[in-house]
Structures are given as structure tokens and as C-alpha cells.
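Read the structure below first, then the notes.
What follows draws every value from the coordinates through simple rules; no lab data is involved. What you are looking at is a predicted structure, and each value in this text was computed from that prediction instead of being measured. Please note: Cβ atoms are built from the backbone with ideal geometry, for glycine as well, and neighbour counts cover all protein chains shown.
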Amino acid sequence: MDKVSYIALTHIHIDHGGGTSLLISNLGAKPKVIVHPKGAKHIINPEKLWKAGLAVLKDIAITMGKPEPVPSDLVYSINDNEVIDLGNVKVKAIYTPGHTPHHVCYLVKPEDASTRLYPCGSGSNSNMCSDTSFNMSTLP
Ligand SMILES: [Zn+2]
């Protein structure tokens, strides 16, 4: 896998942001973790996230595992409509409260259609990102 510079979280639920620290450990890198300002505290100190996950998901949460804290120096609280410039790709954060008050969607605009993205599904400890990537030129 290419070097990972950023992890952009859509929201902080145990099955989406809960595995972030484990992902960082497995990458052996120190990517910035982009998150809504209201979600940042929950990945820096995931105790409330863990308790809520246990209350709602019960055994499924136990299977996923207790989230480990993400070091605060890696957490970047992004502003609404802020653009992250990755060189040949621009990523715009758009606040989309609904599923959670701290939900963010990301609009990805590559300048080079050969840019590869590594989308992830659930971010739990048991179901992390795959090596699957896709070429931006395959998108409609
Ligand atoms: Zn969720």
C-alpha cells in the first residue's frame, strides 16, 4: 500500500472510528486523523465511545474490541468546507449532521484520473480496511 498521510473519518461510532488506533499501529506511520471537532474528543479518549458501543451492540462490540486512544497530536479537527490539498487530489470536508451530530462527508476531486483511493468500510478492530483500491477514472 502507498504511504498513508491521512485517515478521514466520517463519524465516530465504534464500527467506524473504533479501529483507528489499531489501523495506525498496523500502518507503522503517523497519518493525520481528520475528524469533525465534536468527534475528536471521542477518539482521543474513547471511553464514552466504548460504553455506548457496549450498550447498543453488546457482544458485537466485544468482538470488535475496545478502541484504543488515538494520540491527540495526530488528530486534526477539520472545518466545514475546508479543503485538504494532497497535491493531485483535493478533499473537501462537508459537515452532514444526521446519523451523528459530528458526521462529515468528503468530496474527493482528483486532478489526475489515475489517482488511487483506498476506501474503508467498517473501522472496527475486526473488520478494517482491505488492500482494495480503485482508480478514480472508473467513477461515473
Ligand atoms: Zn455510525
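Which shape class applies to region 19-73: rounded if a/c is under 1.5, otherwise prolate when a/b exceeds b/c and oblate if not, where a ≥ b ≥ c are the square roots of the Cα gyration tensor eigenvalues? Since a/c reaches 1.5 but b/c is at least a/b, the shape of region 19-73 is classed as oblate. If Lys and Arg each add +1 and Asp and Glu each add -1, what is the summed charge of the other residues whose beta carbon sits under 11 Å from the beta carbon of Gly18? So the surrounding residues net to -1. All other residues whose Cβ lies under 12 angstrom from that of Ile78 are scored, Lys and Arg at +1 and Asp and Glu at -1, for a net of +1.
Efficiency by 1/(1 + (r/R0)^6): what FRET value for Ala55 and His99, r their Cβ-Cβ distance, R0 = 25 Å, to the nearest 0.05?
The value I calculate is 0.90.
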